[in-house]
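Q: Okay, handing you the structure first.
The values are calculated or read from the model by the stated rules, or taken from the named source; none is laboratory data. This structure is a prediction, so every number in the text was calculated from the model and none was measured. Here the Cβ positions follow ideal geometry from the backbone for every residue, glycine too, while neighbour counts run over all protein chains shown. All accessible areas refer to the heavy atoms of the entire protein, side chains included, with ligands and DNA or RNA removed. Shrake-Rupley method; radii C 1.70, N 1.55, O 1.52, S 1.80 Å.
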Amino acid sequence: MSELNLLRTDVDPQILTSIFELSSEVTWVVHGQDYLCFASEEQKSKFGIPDPVPANFWISNVHPDDKPQMSGDFKKALEDKKTIFFQHQYRFKGRSGTYYHILNKMKFLRDDTGSVISIIGVWNDVSEIVHKQAKLENTHSAMETDRSRFKLISEMSNAAMWEQDFLTGRINWFAGSNALEEFGLNKENYTDEDWKASIHPEDQERVIRYFDYIITSGARRFVDVYRVRKVEGTYAWMMDQATIIRDSNGKAIRALGGWMDITRERTREQVLEKALQYQRNLNEQLMLSEANLNATINNTTLLVWSVNKDHTLIAFNEPVKTYFADNYGIALKQGEKMVSDDVVDPKLVRLRKRWAKRYERALAGEVFKESRQSGERYLDYSLSPIIGSNGITGVSVFAEDVTERIQKEGELALANKTISELKLMALRSVMNPHFIFNALNSIQFFIAKNDRRNAINYLSTFSKLIRGILTNSVNNKVKLSEEIELLRHYVNLELLRFENRFEFILSISPDLDVDNIEIPSLLIQPYVENAILHGLYNKSAKGTLKISVREDRDFVLFEIEDDGVGRETAQKLRQQNFPQHKSMGTILTEERLKLINLEEKASLEIIDLFEGEKSSGTLVRIWVAM
């Protein structure tokens with residue numbers, strides 16, 4: 001009660017005591033040499049606050065890592081005579097030795113000269129908020145990891161997709177019939193030797209050496225540009241991008257990639273390369289005077305400039321001068337740096353550092369290109385060292401505005417049809433890419449057999465399924481009726497592909513309002529796919545697939561039951577036939593279920609069925625909250 005008396009208030013001290021007992025905050029007052037604390041007994045016990053409070057109690061219990069910053073900030077606020085309100089956050093050790101995150105708000109009571117008379121502060125334990133924020137950041141990190149796994153599919157949006165098995169050397173191609181025929185990709189048993197033989201002789205050694213390096217170095221991405229021979233003998237420029245799939249030991253087992261025909265873009269690059277080569281030839285003879293350089297480059301739309309070894313501008317054309325004036329407010333001057341070393345504007349500081357890194361790469365002898373978006377414009381930069389009789393003396397820079405090309409490429413991408421459209425839809429789904437590959441192979445199989453009716457029916461159903469997946473994958477949730485319709489399309493495709501080797505029974509409870517119940521999209525299909533491919537497909541006799549959907553308390557219960565060979569037998573067959581294969585579809589779905597559980601309830605149960613001691617199939621149950 002003695003502390004309360006010092007407050008000199010007319011309010012009943014018992015009322016103030018009750019207020020502090022009910023509060024989760026700790027209020028403290030520094031008045032002269034007196035340190036006063038007002039808090040509930042719970043808070044005093046939690047933080048080990050003694051009575052009376054010694055002068056060094058607060059600073060001695062601040063976390064060592066936070067103490068310098070905390071002390072410095074407090075001292076700065078204390079000495080600033082204009083500061084009235086101040087707050088900072090730090091970790092404080094409680095009685096048990098646990099550190100709590102404290103938000104300390106305070107007010108400085110000052111006299112007319114600005115000197116501090118008293119300090120009134122309020123502690124608030126924000127540990128729970130800090131921990132929740134950390135948990136949220138971990139969740140975001142996990143979601144980014146999940147997205148990176150789907151990146152495998154997004155890297156294959158090309159004119160022709162390919163899959164290589166490093167154990168057999170075989171390469172499977174997936175593309176429209178025109179592309180397959182044009183480059184001879186429809187050859188039976190196409191191998192890596194066929195691919196190597198198709199590469200232009202001038203590119204062949206380099207490309208093969210680089211691809212082998214990627215495989216043996218442990219890298220996961222392969223990107224290269226080279227020329228490929230067509231069946232009729234001419235060559236096309238291809239950008240080849242691939243992702244390398246490795247086992248747990250880092251050994252490459254498969255590669256998934258795609259070609260994109262960039263012949264037109266390459267032709268434009270060659271025009272630019274001729275201009276660059278012309279500049280290099282001039283540099284080998286002698287440094288051009290400003291007048292000669294301006295006469296050469298001022299009548300072009302290219303941005304052209306050069307700097308010496310200390311990044312000082314040697315020469316630049318009018319487009320460069322206009323560009324930097326309009327975008328950065330810089331008036332370029334010959335003999336000075338593009339951005340002076342003493343600028344403080346953050347935008348200009350970033351610009352200077354960015355170009356300093358580029359200049360140093362070129363001064364080290366590297367010739368390279370970069371692309372960058374600036375506002376609504378896209379620019380391609382080309383940097384090369386200026387080589388004189390005494391070695392590298394500077395850097396020449398060429399920049400081209402490629403906005404129109406980028407826009408045309410975007411318009412071209414929107415015009416992709418048929419297989420390209422199906423591939424784009426596959427990018428937005430979470431289905432196992434094996435199904436996409438198998439489905440396209442099945443279509444090609446029907447075409448090869450001249451089975452036009454089945455090919456058209458299969459392609460029509462496949463298109464409906466992929467369009468449905470693309471539509472639903474945009475949203476986190478879909479109608480139950482839409483999810484059921486997707487499952488129906490998928491199973492019908494597999495029935496057609498496997499020539500009705502199993503019977504399909506779909507049972508939906510009439511009590512379910514399928515049009516008004518929403519569930520997370522695309523959760524069920526991977527388990528249906530497993531039942532068909534690993535359970536029923538390996539069964540010698542005709543099997544049965546049952547899918548039932550019903551209400552179970554506050555959940556929608558999906559049951560996928562097959563009378564196939566069972567999980568144990570299927571696992572042995574996979575190890576025997578595909579020892580390095582992992583079922584990514586079910587792994588990703590189970591991880592999605594874990595993420596869903598962060599916000600709502602969902603659960604999974606897998607039951608092995610037996611008749612006596614013999615396996616008789618598998619039952620998968622998935623509960624999703626309505």
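Q: From the backbone phi of the range 488-496, what are the Karplus-calculated ³J(HN,Hα) couplings (6.51 cos²θ - 1.76 cosθ + 1.60, θ = phi - 60°) in whole Hz, Gly and Pro given as x?
A: 5, 4, 4, 5, 4, 4, 5, 4, 5
Q: Would you kindly derive the ³J(HN,Hα) couplings of the range 386-399 from the backbone phi angles with the Karplus curve 6.51 cos²θ - 1.76 cosθ + 1.60 (θ = phi - 60°), listing them in order in whole Hz, with x for Gly and Pro?
A: Working through the residues one at a time gives 8, 10, x, 5, 9, x, 6, 10, x, 9, 10, 10, 10, 10 Hz.
Q: Could you please report the charge total around K546, scoring K, R as +1 and D, E as -1 over all other residues with beta-carbon less than 13 angstrom from its beta-carbon?
A: Taking every Cβ under 13 Å from that of K546, the sum is -3.
Q: Among the lysines, select those whose C-alpha is under 16 Å from the C-alpha of K230, and discard any that sit fewer than 8 residues away in the same chain.
A: K187, K196
Q: Got a number for carbon plus sulfur as a percent of the range 306-374's accessible area, 1.4 Å probe?
A: Ligands and nucleic acids excluded, carbon and sulfur reach 49 percent.
Q: Pull up the cross-link candidates among the lysines for K601, meaning alpha carbon to alpha carbon under 22 Å and not fewer than 8 places away within one chain.
A: Result set, ordered by chain and number: K132, K135, K477, K479.
Q: From the phi of every residue in the range 526-542, what ³J(HN,Hα) in whole Hz does the Karplus formula 6.51 cos²θ - 1.76 cosθ + 1.60 yield, where θ is phi - 60° and glycine or proline is x?
A: Working through the residues one at a time gives x, 6, 5, 4, 4, 4, 6, 6, 9, x, 6, 5, 7, 8, 6, 8, 5 Hz.
Q: Show which lysines lie in cross-link reach of K614 when reach means a straight Cα distance below 25 angstrom and same-chain residues fewer than eight apart are skipped.
A: Cα-Cα hits under 25 Å: K539, K542, K546, K572.
Q: Would you please give the residues with an amide H less than 5 Å from that of V126, counting only those at least 5 places away or on a separate chain, with H modeled from the backbone geometry?
A: Residues meeting the criterion, in which the H sits 1.01 Å from N, are H101, I102, L103.
Q: Rank these by accessible area, largest first, 1.4 Å probe: V225, V478.
A: The residues order as V225, V478, largest area first.
Q: Find, among the trypsin sites (Lys or Arg not before Pro) in the range 322-358, those assigned to loop by DSSP (not H, G, I, E, B) with at most 14 other beta-carbon atoms within 10 angstrom.
A: Passing both the DSSP loop test and the Cβ count: K333.
Q: List the residues, sorted by chain then number, that are 5 or more residues from F504 or on another chain and whose placed amide H is less than 5 Å from its amide H.
A: When sequence neighbours closer than 5 places are left aside, the close amide H contacts are L545.
Q: Restricting to the range 485-560, compute how many DSSP beta bridges are antiparallel as a %, nearest 5.
A: Antiparallel: roughly 45 percent of the beta bridges in the range 485-560.
Q: Pull up all non-local amide H partners of L609: gap of 5 or more, or a different chain, and H-to-H distance under 5 Å with H placed in the peptide plane.
A: S616, G617, T618, L619
Q: May I ask you to derive the relative contact order of the range 57-102, considering only C-alpha pairs under 8 Å and at least 6 residues apart, and to give it as an integer percent?
A: After rounding, I find 39 percent.
Q: Give, as a single signed number, the net charge of other residues whose beta carbon lies under 11 Å from the beta carbon of E25, with Lys and Arg counted +1 and Asp and Glu -1.
A: Its environment carries a net charge of 0.
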